[in-house]
Amino acid sequence: MIQPNILLSVIMPVYNVERYLRKSIESVLNQTYRQWELIAIDDGSTDSSGAILDECALHIADSRFKIFHQKNQGLSATRNFGLKHAS
C-alpha cells in the first residue's frame, strides 16, 4: 500500500496506440488513490494518438494530467523525458 501524501507519477510513453489510449488514460483516472500525476508523452505517433491526447486534455479538467508531444526518439528517451517532468 502506498503511504498517504506520496505522489505517484505515471509516465505513459505513447506511440501509435490509438486503439488502447483512451482506456489506458481512463484506467489511471479511475484509481482510488488520488495522489497521482499522469505524464503522457506522444513520441511522434503517425496514427491519431497525438490528437487523442489533445482531445483528452481538453475534456479532462485535471491539472494532474499532463501531455507532451515530441518527435520520435524511442522508448528510453521518452521515459527519461517523462522523468524530467515528474513532480
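Taken together, the residues in the stretch 64-86 that are free of Cβ contacts under 8 Å to residues at least 40 places away in the same chain and farther than 14 Å from residue 8 by Cα amount to 11.
Please go through the stretch 11-22 and pick out each residue that is open to solvent by 40 Å² or more (accessible area, probe 1.4 Å) and within 20 Å of residue 85 (Cα to Cα). If the condition is that a residue be open to solvent by 40 Å² or more (accessible area, probe 1.4 Å) and within 20 Å of residue 85 (Cα to Cα), then 11, 13, 15 are the ones that fit.
Can you find, within the stretch 37-52, the residue that is most open to solvent (accessible area, probe 1.4 Å) among those that are assigned to a loop (DSSP other than H, G, I, E, B) and small (Gly, Ala, Ser)? Only one residue fits best here, namely 48.
When restricted to residues that are more than 18 Å from residue 74 (Cα to Cα), touching an Asp or Glu at 6+ places or on another chain (Cβ under 9 Å) and among the polar types (S, T, N, Q), the stretch 16-30 contains 0.
Residues of the stretch 53-63 that are outside any helix (DSSP H, G or I), open to solvent by 50 Å² or more (accessible area, probe 1.4 Å) and not polar (S, T, N, Q): 61 alone.
In the set (1) assigned to a helix (DSSP H, G or I); (2) open to solvent by 50 Å² or more (accessible area, probe 1.4 Å), the condition left unmet by residue 34 is number (1).
Taking the criterion of being assigned to a loop (DSSP other than H, G, I, E, B), at pLDDT below 95 and either in contact with a helix residue (DSSP H, G or I) (Cβ under 6 Å, 6 or more places away or on another chain) or among the aliphatic types (A, V, I, L, M) (or both), the only residue of the stretch 7-31 that qualifies is 7. Taking the criterion of being at pLDDT 95 or above, open to solvent by 50 Å² or more (accessible area, probe 1.4 Å) and within 19 Å of residue 7 (Cα to Cα), the residues of the stretch 67-87 that qualify are 79, 80, 81, 83, 84, 85.
The values are calculated or read from the model by the stated rules, or taken from the named source; none is laboratory data. None of these values were measured; they are calculated from a predicted model. Heads up, the Cβs are rebuilt from the backbone with ideal geometry, glycines too, and the neighbour counts pull from every protein chain shown. Keep in mind that these areas ignore ligands, DNA and RNA; they rest on the heavy atoms of the full protein, side chains included. Shrake-Rupley method; radii C 1.70, N 1.55, O 1.52, S 1.80 Å.
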